[in-house]
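Any read-out appearing in this document is the output of simple, stated calculations on the displayed coordinates, not a laboratory observation. The shown structure was predicted, so the numbers you read here are calculated from the model rather than taken from an experiment. Positions of Cβ are generated from backbone atoms using ideal geometry, with glycine treated the same way; all protein chains shown enter the neighbour counts.
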Amino acid sequence: MVERGTMTDIDLFGLKGAHVVITGASGGIGLAVVGLFKELGTKISAQGNRQTSLLPKSESVNAIKADATNEAEVEAFYKEACTKFGSPDVLIGMDPSNALFMKFVMGFSKKRRCQLPI
């Protein structure tokens, strides 16, 4: 019988140490996604426009409160995320209909570096 380990024991998806940006992470499914990626051993920049105190506290999770509809707050979020963990490897938008997030995604897919296209 094979002993099963946790996801951190086996780098199942090859994401250990990757920088993951998650928007809409302050509750519900977004909060669960943060927990999953934390267990996978990633560095997480988590944005929430509500209370971020529910997010797990650790060296690998940078919880940032930012209103996703406020351009200045979105820009500040990405600057802080990039300063703490460098350019993101993975972007997860729990509310991908947000135009500012989509602008960042478009810039990320072209440049893959910490630079806002807005």
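List of remarks:
- Among 66-74, 37-45, sorting by the average number of other beta carbon atoms lying within 10 angstrom of each residue, highest first, gives 37-45, 66-74.
- With a cut-off of 11 Å between beta carbons, the residues surrounding LYS43 carry a summed charge of +1, where Lys and Arg count +1 and Asp and Glu -1.
- Taking other C-beta atoms within 10 Å as the exposure proxy, ILE92, ILE29 rank ILE29, ILE92 from fewest upward.
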